[in-house]
Amino acid sequence: MSDKVRVAVVGLGFGGEFVPIYQAYKKSECVAVCRRNEAELNKFADEMGVEKRYTDYDELLKDDEIDAVHINTDLLSHYDFVVKALKAGKHAASTVPMGMTVEQCEEICRLEKETGKVYMLMETSVYTREFLYFKRMYDNGEVGRLQFLRGSHQQNMGLPGWPEYWYGMPPMHYPTHAIAPLSEILQKPIQTVRCIGSGRIREEYAAKYNSPFAAESVQLTFADSDVAGEVTRTLFDTIRQYRESFDFYGSKKSFEWEQCVDEGPVVYTGFEDAEHVEIPDTDDMLPEEIRKFTLKNQIIDENHVSFIQGSGHGGSHPHMVQEFVSAILEGRRAHVNSNVAANWNVAGILAHESAMQGGKILTMPEFTQF
């Protein structure tokens, strides 16, 4: 391999936001893009100046000039695309979730170990401005002892326009945005889950996955830790403004996510003191050439209107690119490698199983312990 990682971006809806980051980063190149719709593929590739274009993923994997693939396809296909990439000798990153079953997650863990290639789950929540802000406070000793953790991901997807597979999906089958920050701040894997379901979604949705619950709430324990966590997920027939959040409570300071958009999160200090805080950008943590992709309200390229707002998901995108590319070049596992990713994903899958069994405590499988 050269001193640059040659990346192909697969799926150009959400995935298109990563192309200019790979292009700008000195340690990577975006050498190819892949999309099923040829007209849309060519339009995007022309705009971004990418020469190699594929409508067939299997053909892309035969290209020896591609070192790694970044998969941003529909969530049901992530597993198949990752497995094919690893078996083809490519490093692989994928958006969430890692897989839809315990067995799928275990197979990716096996293949990463067997092939020696890098696998990374591109979990945005552990690279957001908010998470990195709190992590700095915690690492500096300002928080004191962590006492309790809470996460939530609430979204009402009942309107038309989503892919059909979404409707009726068990809330905890798309778990990682809410679960990952809890495990990540402790640097501990989830060990047991106990989940209860609440409410009932409309019958035509419930029938699709045999999943009745409008909300699922899981209690988590972590290996070698006396700290516990709780995560709530909703997807349908539960009205709330979108919220993808964490609340962390310490002995010196605590952090709570904003209740409504643009209110700002709250840091609690002392006994009753509370302050709304403005979360700073994290550009100082990145190489100069990709700092602009994490800035709020930053025009990246006036000619590319799809990238006016800067990096999405709390400024996380360039951080994930840097970690994926660096892991490959340094010959190490990514921070969110297959075992870490499996822990966060399987916790949600087992949480739904627990809810369907009336709140039974389930133990995480050994392959998810990191």
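For (1) β-branched (Val, Ile, Thr); (2) under 19 Å from the mean Cα position of the chain (by Cα); (3) crowded, with 22+ Cβ neighbours inside 10 Å; (4) in a helix (DSSP H, G or I), each residue gets a yes or a no:
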position: Arg110; (1), (2), (3), (4): no, no, no, yes
position: Ser125; (1), (2), (3), (4): no, yes, yes, yes
position: Leu132; (1), (2), (3), (4): no, yes, no, yes
position: Glu142; (1), (2), (3), (4): no, no, no, no
position: His153; (1), (2), (3), (4): no, yes, yes, no
position: His177; (1), (2), (3), (4): no, yes, yes, yes
position: Gly197; (1), (2), (3), (4): no, no, yes, no
position: Ile201; (1), (2), (3), (4): yes, no, yes, no
position: Glu204; (1), (2), (3), (4): no, no, no, yes
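Conditions tested, residue by residue: (1) among the β-branched types (Val, Ile, Thr); (2) closer than 21 Å to Thr124 by Cα.
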{"residue": "Leu159", "(1), (2)": "no, no"}
{"residue": "Tyr165", "(1), (2)": "no, no"}
{"residue": "His177", "(1), (2)": "no, yes"}
{"residue": "Leu186", "(1), (2)": "no, yes"}
{"residue": "Ile196", "(1), (2)": "yes, no"}
{"residue": "Ala223", "(1), (2)": "no, no"}
{"residue": "Thr238", "(1), (2)": "yes, no"}
{"residue": "Asp247", "(1), (2)": "no, yes"}
**Message:** Among the listed residues Lys188, Lys208, identify the single one that is part of a helix (DSSP H, G or I) and not hydrophobic (A, V, I, L, M, F, W, C).
**Reply:** Lys208
**Asked** When the residues of region 284-308 are filtered to those that are part of a helix (DSSP H, G or I) and surrounded by 17 or more Cβ atoms within 10 Å (Cβ to Cβ), which remaining residue is modelled with the lowest pLDDT?
**Response** Phe307
**Request:** Would you point out which residue out of Ser311, Ser316 is closer than 30 Å to Gln104 by Cβ, modelled with pLDDT under 95 and buried (at least 21 other Cβ atoms within 10 Å of the Cβ)?
**Result:** Ser311
**Item:** In region 69-80, the residues that are open to solvent by 10 Å² or more (accessible area, probe 1.4 Å) and under 14 Å from Val7 (Cβ atoms)
**Value:** Asn72
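Residue by residue, here is whether (1) more than 25 Å from Met364 (Cα to Cα); (2) free of Cβ contacts under 8 Å to residues at least 12 places away in the same chain; (3) touching a strand residue (DSSP E or B) at 6+ places or on another chain (Cβ under 9 Å); (4) not small (Gly, Ala, Ser) holds:
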{"site": "Gly151", "(1), (2), (3), (4)": "no, no, yes, no"}
{"site": "Met157", "(1), (2), (3), (4)": "yes, no, no, yes"}
{"site": "Pro160", "(1), (2), (3), (4)": "yes, yes, no, yes"}
{"site": "Trp166", "(1), (2), (3), (4)": "yes, no, no, yes"}
{"site": "Tyr174", "(1), (2), (3), (4)": "no, no, yes, yes"}
{"site": "Gln187", "(1), (2), (3), (4)": "no, yes, no, yes"}
{"site": "Gln191", "(1), (2), (3), (4)": "no, no, yes, yes"}
{"site": "Ile201", "(1), (2), (3), (4)": "yes, no, no, yes"}
**Fill in**
Picked from region 329-349 (must be more than 17 Å from Leu182 (Cα to Cα) and of a type in the set (A, V, I, L, M)), the residue most open to solvent (accessible area, probe 1.4 Å) is Leu329
**Request:** State yes or no: is Val9 assigned to a helix (DSSP H, G or I) and closer than 30 Å to His173 by Cα?
**Result:** no
**Asked** When region 226-273 is examined, which residues are found to be of a type in the set (S, T, N, Q), surrounded by fewer than 16 Cβ atoms within 10 Å (Cβ to Cβ) and not in a strand (DSSP E or B)?
**Response** Gln241, Ser251, Gln259
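The values are calculated or read from the model by the stated rules, or taken from the named source; none is laboratory data. Not measured: the values here are computed from a predicted model. Here the Cβ is made from the backbone with ideal geometry for all residues, glycine too, and neighbour counts use every protein chain on show. Accessible surface areas use protein heavy atoms only, side chains included; no ligands, DNA or RNA. Shrake-Rupley method; radii C 1.70, N 1.55, O 1.52, S 1.80 Å.
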